[in-house]
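Heads up: the structure comes next, in structure tokens.
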Amino acid sequence: MAIEGHASEESLVSERDVDRVENGISQGKSRDAVFPALTQISTEFSGEGPTLTVRFDKKGPPVKFADDASDAAAIREVDLQKKFHWSATELARKLNISPPKALALRQHLGIDKDPKCFYVFVMGAQKHPRFSDNALKQMRDSIKSLNMDDVWDAHKPIGRGKSPRHCPVEGCAQA
């Protein structure tokens with residue numbers, strides 16, 4: 001009913017519509033008979049479990065883009081390459097720190113484990129880790145309040161056979 005309500009600009013879902021749908025379902029009517037405004041929409045479902053992919057064809061009503069925080073019947077995420085456009089080297093350059101120190105900061109903040117900050121594009125046998133603007137913002141904000149020397153000491157490479165260090169800096173994601 002939410003999609004049917006968006007199919008036409010003048011359309012409002014009323015109690016009468018709820019009764020109409022309830023009666024149609026209880027009488028065993030087809031989807032087209034119960035939801036006549038949705039006859040132009042076709043869907044394709046794939047996947048199992050919690051992942052569900054829905055594809056709308058071009059004959060249906062326009063789709064409104066919504067962010068994760070809004071109440072919407074459907075949310076469509078557009079281009080992941082536009083969202084995750086920073087490489088590790090570009091992040092370090094943007095923050096004016098060396099790539100190893102940027103890695104230490106990412107480990108401290110848990111950036112590489114946060115799906116809103118980090119994504120790996122797989123193209124054949126190649127893997128391209130990329131970062132979002134969320135990662136840049138978190139790293140930039142944390143540099144202002146953290147002692148980078150302490151973060152570096154706790155997360156710098158330790159060499160083979162040595163046990164990992166414990167990070168004494170407050171708020172470490174690896175703690």
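The values are calculated or read from the model by the stated rules, or taken from the named source; none is laboratory data. Note that this is a predicted model, so its numbers are computed, not measured. Quick reminder, even Gly has a Cβ in these numbers, built from the backbone with ideal geometry, and neighbours come from all protein chains shown. Calculation scope for accessible area: heavy atoms of the full protein, side chains included, ligands and nucleic acids excluded. Shrake-Rupley method; radii C 1.70, N 1.55, O 1.52, S 1.80 Å.
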Exercise. Kindly indicate whether V122 is open to solvent by less than 90 Å² (accessible area, probe 1.4 Å) and among the β-branched types (V, I, T).
Key: no
Practice problem: Kindly indicate the residue of segment 146-175 that is at pLDDT below 85 and polar (S, T, N, Q) and also most open to solvent (accessible area, probe 1.4 Å) among those meeting that condition. | Solution: Q174
Quiz item: What number of residues within segment 104-127 are without any contact (Cβ under 8 Å) to a residue 40 or more places away in the chain, under 18 Å from the mean Cα position of the chain (by Cα), farther than 23 Å from M148 by Cβ and assigned to a strand (DSSP E or B)?
Solution: 3
Quiz item: When L95 is evaluated against the numbered criteria (1) in contact with a Lys or Arg (Cβ under 8 Å, 6 or more places away or on another chain); (2) open to solvent by 80 Å² or more (accessible area, probe 1.4 Å), which criterion, by number, is the only one it fails?
Solution: (2)
Exercise. Collect the residues in segment 70-96 that are modelled with pLDDT of 90 or more and part of a helix (DSSP H, G or I), keeping them in residue-number order.
Key: A88, T89, E90, L91, A92, R93, K94, L95
Exercise. Return yes or no: is R140 open to solvent by 70 Å² or more (accessible area, probe 1.4 Å), under 18 Å from D112 (Cβ atoms) and assigned to a helix (DSSP H, G or I)?
Key: yes
